[in-house]
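These notes concern the structure reproduced below.
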Amino acid sequence: MTAQGPAIIDLLDRMGVPFNRTPEGLLDFRRFGGTLYHRTAFAGATTGQQLLYALDEQVRRYESEGKVKKYEGWEFLSAVLDSKGACRGITAMDLRSMETRTFPADAIIVCTGGNGAIFGKSTNSVVCTGSAQSALYQQGAYYANGEFIQVHPTAIPGEDKLRLMSESARGEGGRVWVPKDKKDKRAPKSIPENERWYFLEERYPKYGNLVPRDIATREIFKVVYEDEMGIDGQPMVYLDVSDLPPESQNKLEGILEIYEKFVGDDPRKVPMKIFPGMHYTMGGLWVDFNQQTNIPGVYSAGEADYSIHGANRLGANSLLSCIYGGFVAGPKAMEYAKSLPKMEGDGGHAAELARQNQINKGLLNNEGTENPFKIWRELGETMTKHATIVRYNTGLKEADAKIVELMARYKKVNLSDKSQWANTSFAFTRQLYNMLELARVIVQGAELRDESRGAHYKPDFPNRDDEKFLKTTKAAFVGGAPKITFEEVDIQYIKPRPRVYTST
């Protein structure tokens, strides 16, 4: 991926992504967390959005030429597996008519994003539930490194989700701080420089505000909850770009507009109030170097697979990794499909369709008393409390027991809307069960990993333990519950070494 990075950026440039340029017309680069060098190509503060527009244009181009057919508004339910366990297609549900049908395929590639909804609110899209990965896990696919969840240090809360204040704000010189006096009620702009505590710069002079995300997140968490220095006693710290020169603020136009729209303050004039929020799923479906899961014919790429980021992710690398994963998965899936033996009978299509219709029928006819959205809210609160920034084994055990309780209550859900047209509550309730199954993988993997590594932090085990845990956790669905084993990590080319960010 690293070797292909420059070529991928050049490809995106040719597709029309409006990357920032230097005065000489060359690609401009900025720093991101965990780096000392300007290594990240960018398009203002909305790089991901610009990539999405350019790639969508390419899809539309092939669609107009009849080479691609899109099925928008369909929900993935499961893979269709034949008698030998190989993939022969998928089942999906039309979210308008609620019709369920199968789609034959020699190979499938799952690129369905992360699982932020398991934590209630996150910076992910609200449709990122991890449901597709969980469905495949329940069909036999390994789910790897589920415990590695990245919490982004700078997000703003919203009624529906968290909104990301991109790392680009700090990459351009934004500074994180709180008043030195916890009782200070003055407007932030009236607090003199010597009465502000720039705690990241003080504790990590070499990297300052661009320490890796896991470290910045934990430091903000400590300042708010242990030092009780949150702004006005609330879980908030300042992210200040108000003193940046206009040219730097212009590069951040996208996120500054988002903040002003949802909060009401102009971040060009007053510091933003932020707090960490669940952001990225480093774990995912286990894949080999061909991006293929252990289910023959099922491939995965992007945030849905585990293969690239290990215990933490550096800023900007998710965009690179999803494109790289697609570059590998596409040709390898075609290669696999061309050598696939002819399927016997219908390849399992009728049986899988009947199974999915039975699940739907059971949900619609359920006469219980439980509200699925209440169950989801309790799941999010439990996961956020016990499986995000700071983790304790007692809390993780408590979380697992709570999830088991929620799964029992799920069997008694009653859908207030039982219609067969555009029933979003029904679609969400189907996803909710998959979220519960995946949540158990996350908390059990975290409990077994008695160390601190990357975004996984246990105060009771503050050190990284390479001897015991330089391993990938692999969860298999056995007897209705996760069975977790460990797989050695190949370190023959690069030996791991401690990450030190405190030196000057």
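How would you classify region 53-129 from its alpha-carbon gyration tensor, with a ≥ b ≥ c the square roots of the eigenvalues: rounded for a/c under 1.5, else prolate if a/b is greater than b/c, otherwise oblate?
oblate
Loop-only GluC sites (Glu not before Pro) in region 222-327, please: DSSP not H, G, I, E or B, and at most 16 other Cβ atoms within 10 Å. Please list the in-between numbers first.
Working: sites: E226, E228, E247, E253, E257, E260, E303; in loops: E228.
Those that pass, being in a loop and sparsely packed, are E228.
How much of the accessible area of the chain, in percent, comes from carbon and sulfur atoms when a 1.4 Å probe is used?
On the way: 12530 of 23410 Å².
The computed percentage sits at 54.
Over 32 Å between C-alpha atoms is what I'm after, so list which of K84/K332; K206/K471; K374/K397; K69/K474; K185/K222 land there.
As for pairs spanning more than 32 Å Cα to Cα, those are K69/K474.
Output the 0 to 90 degree angle, nearest 10, between the alpha-carbon long axis of helix 317-338 and the longest principal axis computed from the alpha carbons of the chain.
Helix 317-338 and the main axis of the chain meet at about 20 degrees.
Residues with amide H under 5 Å of G277's amide H, sequence separation 5 or more or different chain, H placed in the peptide plane at 1.01 Å from N; which?
H152, T154, A155
Give the distance, in whole Å, between the Cα centre of region 146-163 and the Cα centre of region 419-495.
The distance from the Cα centre of region 146-163 to that of region 419-495 comes to 18 Å.
Got a sec to turn the phi values of region 251-261 into Karplus ³J(HN,Hα) couplings, 6.51 cos²θ - 1.76 cosθ + 1.60 with θ = phi - 60°, whole Hz, x for Gly and Pro?
Karplus-based 3J(HN,Hα) across region 251-261 equals 5, 9, 3, x, 6, 5, 5, 4, 4, 4, 5 Hz.
Sequence neighbours fewer than 8 away in the same chain don't count; with that in mind, list the aspartates and glutamates whose C-alpha is under 14 Å from K402.
Leaving aside aspartates and glutamates fewer than 8 places away in the same chain, those within reach of K402 are E378, E381, E437.
When the solvent-accessible surface of protein heavy atoms is calculated with a 1.4 angstrom probe, in what order do C87, C322 fall, highest first?
Reading off the accessible areas and sorting them downward yields C322, C87.
Apply the Karplus parameterisation 6.51 cos²θ - 1.76 cosθ + 1.60, with θ equal to phi minus 60°, to every residue of region 57-71 and state each ³J(HN,Hα) to the nearest whole Hz, in sequence, with x for glycine and proline.
My calculation for region 57-71 gives 4, 5, 4, 4, 4, 5, 5, 5, 8, x, 8, 10, 10, 9, 10 Hz in order.
Under the Karplus relation 6.51 cos²θ - 1.76 cosθ + 1.60, θ = phi - 60°, what is the ordered set of whole-Hz ³J(HN,Hα) values for region 467-484, x standing for Gly and Pro?
4, 9, 10, 7, 9, 8, 7, 10, 9, 10, 8, 10, x, x, 8, x, 10, 9
With an 8 Å cut-off on Cα pairs and a minimum separation of 6 or more residues, tell me the relative contact order of region 286-420 in percent.
Here the relative contact order equals 22 percent.
Using Cα pairs under 8 angstrom and six or more residues apart, how large is the relative contact order of the chain, in percent?
On the way: 963 pairs, mean separation 103.6, N = 504.
Computed over the chain, the figure is 21 percent.
Grab the other residues whose beta carbon is less than 14 angstrom from that of F327, score K and R as +1, D and E as -1, and report the net.
Around F327, the surrounding residues sum to -2.
Helix 349-365 against the longest principal axis of the chain: what's the angle in degrees, Cα atoms only, rounded to the nearest 10?
70 degrees
Once you keep just the Cα pairs under 8 angstrom separated by 6 or more residues, what percentage relative contact order results for region 122-270?
Reported relative contact order: 24 percent.
Please compare each pair in K361/K385; K121/K273; K161/K251 to a cut-off of 27 Å on the Cα-Cα distance and tell me which ones are over it.
Beyond 27 Å between Cα atoms: K361/K385.
Looking at the chain, what % of its DSSP beta bridges pair antiparallel, to the nearest 5?
Once the DSSP bridges in the chain are tallied, antiparallel ones form about 90 percent.
Please sort by residue number the trypsin sites (Lys or Arg not before Pro) in region 180-217 whose DSSP state is loop and whose Cβ has at most 10 other Cβ atoms within 10 Å. Before the final figure, lay out each step's value.
Values: sites: K180, K182, K183, K185, R186, K189, R196, R203, K206, R213; in loops: K180, K182, K183, K185, R186, K206.
Passing sites in region 180-217 are K183, K185.
Count charges around K121 for me, please; just the other residues with Cβ under 15 Å from its Cβ, Lys/Arg as +1, Asp/Glu as -1.
Computed value for this residue: 0.
Can you check what the net charge comes to around N423, using other residues whose Cβ is under 13 Å from the Cβ of N423 (Lys, Arg +1; Asp, Glu -1)?
Computed value for this residue: -1.
Per residue, how large is the accessible surface of the chain? Use a 1.4 angstrom probe and give square angstrom.
Result: 46 Å² per residue.
What trypsin sites (Lys or Arg not before Pro) in region 84-150 are in a loop by DSSP, with at most 14 other Cβ atoms within 10 Å of the Cβ?
K84, R96
Roughly how big is the chain's charge dipole about its Cα centre, with Cβ charges of +1 (Lys, Arg) and -1 (Asp, Glu), in debye to the nearest 20?
Values: 65 positive and 65 negative charges, 60 e Å.
Computed about the Cα centre, the dipole is about 280 debye.
The values are calculated or read from the model by the stated rules, or taken from the named source; none is laboratory data. Values in this document were obtained by computation on a predicted structure and should not be read as measured data. A quick note on method: Cβ atoms are made from the backbone with ideal geometry, for glycine too, and the neighbour counts reach across all protein chains shown. Please note that ligands, DNA and RNA were not included when accessible areas were found on the heavy atoms of the full protein model with its side chains. Shrake-Rupley method; radii C 1.70, N 1.55, O 1.52, S 1.80 Å.
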